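S.K.: Provided herewith is a single structure, encoded as structure tokens, for subsequent inquiry.
The values are calculated or read from the model by the stated rules, or taken from the named source; none is laboratory data. These numbers were taken from a predicted model, which means no experiment stands behind them. Here the Cβ positions follow ideal geometry from the backbone for every residue, glycine too, while neighbour counts run over all protein chains shown. Side chains are part of the model used for accessible areas, which takes the heavy atoms of the whole protein and leaves out ligands, DNA and RNA. Shrake-Rupley method; radii C 1.70, N 1.55, O 1.52, S 1.80 Å.
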Amino acid sequence: MTDILKAASDPTRRSILTLLAQDGPTRVTEIAARFEKSLNAVSKHIKVLEAAGLVSRRTAWREHIIEVRMEPLVEIDRWFRDLRSIWEMRLDALESLLTEENDND
């Protein structure tokens with residue numbers, strides 16, 4: 001999960017993931033055209049996403065097609081959901097305590 005969070009921490013890589021989620025499988029050259037970065041720079045970002053398992057690559061002739069992989073993102077969402085439930089329990093306990101103090105005044 002650490003690799004996933006590291007890969008998704010960069011704004012360009014998050015933009016690439018969003019683009020792929022919206023547009024579906026896309027050629028590397030088409031992805032690079034959307035950014036004010038060189039093809040080489042965008043390719044490096046894609047390689048980081050690949051290493052984290054967030055995208056997959058297939059080759060059709062000379063074209064490299066990149067596709068988002070949602071499974072790792074589901075794992076992150078589950079982790080955040082667990083964190084939210086912990087904080088909700090803590091906030092509920094705090095609210096109960098504050099209500100109790102107000103009732104005692």
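S.K.: Among the residues of region 34-47, write down those that are open to solvent by 80 Å² or more (accessible area, probe 1.4 Å) and either touching a Phe, Trp or Tyr at 6+ places or on another chain (Cβ under 9 Å) or in a helix (DSSP H, G or I) (or both).
M.R.: L39, N40, K44, K47
S.K.: How many residues, within region 1-33, are open to solvent by 60 Å² or more (accessible area, probe 1.4 Å) and part of a strand (DSSP E or B)?
M.R.: Step one: of region 1-33, the residues open to solvent by 60 Å² or more (accessible area, probe 1.4 Å) are 1-3, 5-6, 9, 11, 14, 18, 21-23, 25, 27, 29-30, 33.
Add one more test, that the residue is part of a strand (DSSP E or B), and what stays is 27.
Counting residues in region 1-33 that are open to solvent by 60 Å² or more (accessible area, probe 1.4 Å) and part of a strand (DSSP E or B) gives 1.
S.K.: Then there's this: Can you tell me which residue among R78, R58, R84 is out of contact with any Lys or Arg (no Cβ under 8 Å at 6 or more places or on another chain), open to solvent by 90 Å² or more (accessible area, probe 1.4 Å) and not in a helix (DSSP H, G or I)? Walk me through how you get there before you give the answer.
M.R.: Details: R78 fails: not in a helix (DSSP H, G or I); R84 fails: not in a helix (DSSP H, G or I).
Matching residue, one of R78, R58, R84: R58.
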